[in-house]
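K.L.:
Quick one: the structure is below, and I'll ask about it shortly.
The values are calculated or read from the model by the stated rules, or taken from the named source; none is laboratory data. Just so it is clear, the model here is predicted, and its values are computed rather than measured. Every residue, glycine among them, receives a Cβ derived from its backbone with ideal geometry; neighbour counts consider all protein chains shown. To get the accessible areas, we keep the full protein, side chains included, count just its heavy atoms, and leave off ligands, DNA and RNA. Shrake-Rupley method; radii C 1.70, N 1.55, O 1.52, S 1.80 Å.
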Amino acid sequence: YKQNAARAQAQSSYTDFDTFLESLDIQITIEAANEFNIQRIAQMTQKTNQFNLTTHRYTDADIRKFITNGWKVWCISVADKFGDNGITGAIMIKPNNEIDTFLLSCRILGKGIEFVFIKKIISHLSKHGIKELTAKYLPTPKNDQVKDFWDKVGFTCSHEQEDGGKEYSLLLKDANTEIKHFYHITLK
C-alpha cells in the first residue's frame, strides 16, 4: 500500500502518462511454471477475481498435471523503482492453443502490464510455430472490467453467449506485438 501511495504521488508530478511509466523503471519477468512458483500460480487462480478472464480455480496438483499433459504455463513478476510486487499474474494455455486462464493481481493494474504480458507471450508462441490462439471471457459478478480485454488485444469474437460469455480467436501473424520501449522484459 505504501508503494502504491508513492507511485500515485509520483504520477501527480507528470502530465504525460508514458513519461511517468518510463520513470518507474518497470521490470517484468515472465517465467515458465516450476516447483518454486506453481503454488503461487494456483493461489492466484483461487483468489483473483477482477482481472481474471475465466476464473477457473486450480490447485498445485492440477497445474502439475496440466504441465505433464503439455499445457504451457507462465507467471509474471513485476518490480519498479518503488519495490517488488512479486508474482502477480499467470497465463495457462492448453495443448490445443486455447488460453484457459489469464489473470493479473489488481496490485499491478493501471500500467499497461496486462498488454505487455499477453503481447510477449503471443510473440514467443509465434516464434515457436504457433499459428492461432483461442480464448474465452466467462463473466462473473466481479470481472466486468475485463469483458472487452480480448477485443483490445486484437482477438476476433467468434461467438457470444446469452450470459455475456464470449469465444475468441487470433491469427498470430495478424497480432500487434509492439511493446513500448520503457518496459524491461525478461522471458525465462
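K.L.:
Of the conditions (1) out of contact with any Leu (no Cβ under 9 Å at 6 or more places or on another chain); (2) surrounded by fewer than 19 Cβ atoms within 10 Å (Cβ to Cβ); (3) more than 25 Å from L172 (Cβ to Cβ), K81 clears all except one; give me its number.
P.N.:
(1)
K.L.:
Cβ contacts < 8 Å: first residue within 17 Å of D174 (Cβ to Cβ) and free of Cβ contacts under 8 Å to residues at least 60 places away in the same chain, restricted to the range 126-153; second residue among the charged types (D, E, K, R) and open to solvent by 50 Å² or more (accessible area, probe 1.4 Å), any location; separation 6+ or different chain. Result?
P.N.:
Correct list of pairs: S126/K173; K131/K173; T134/E167.
K.L.:
Given the options N34, N4, name the one that is open to solvent by 10 Å² or more (accessible area, probe 1.4 Å), part of a loop (DSSP other than H, G, I, E, B) and either in contact (Cβ under 8 Å) with a residue 60 or more places away in the chain or more than 22 Å from F182 (Cβ to Cβ) (or both).
P.N.:
N34
K.L.:
Turning to a different aspect of this structure: So, restricting to strands (runs of 3 or more DSSP E) that lie completely within the range 109-188, which ones have at least 1 residues that are open to solvent by 20 Å² or more (accessible area, probe 1.4 Å) and over 28 Å from D84 (Cβ atoms)?
P.N.:
132-137, 156-160, 166-171
K.L.:
Please verify whether the range 57-71 includes one or more residues that are within 15 Å of the chain's Cα centre (by Cα) and modelled with pLDDT of 95 or more.
P.N.:
No, the conditions are met nowhere in the range 57-71.
K.L.:
When residues of the range 64-91 are filtered for being aliphatic (A, V, I, L, M), more than 15 Å from T45 (Cα to Cα) and part of a strand (DSSP E or B), how many remain?
P.N.:
Here the count works out to 2.
K.L.:
OK, next. Quick check on my filter: what residues within the range 12-47 are of a type in the set (D, E) and in contact with a strand residue (DSSP E or B) (Cβ under 9 Å, 6 or more places away or on another chain)?
P.N.:
Selection gives D25, E31.
K.L.:
All but one of (1) over 18 Å from K111 (Cβ atoms); (2) touching a residue at least 24 places away in the same chain (Cβ under 8 Å); (3) open to solvent by 30 Å² or more (accessible area, probe 1.4 Å); (4) not β-branched (V, I, T) hold for A61, so report the exception by its number.
P.N.:
The one condition A61 does not meet is (2).
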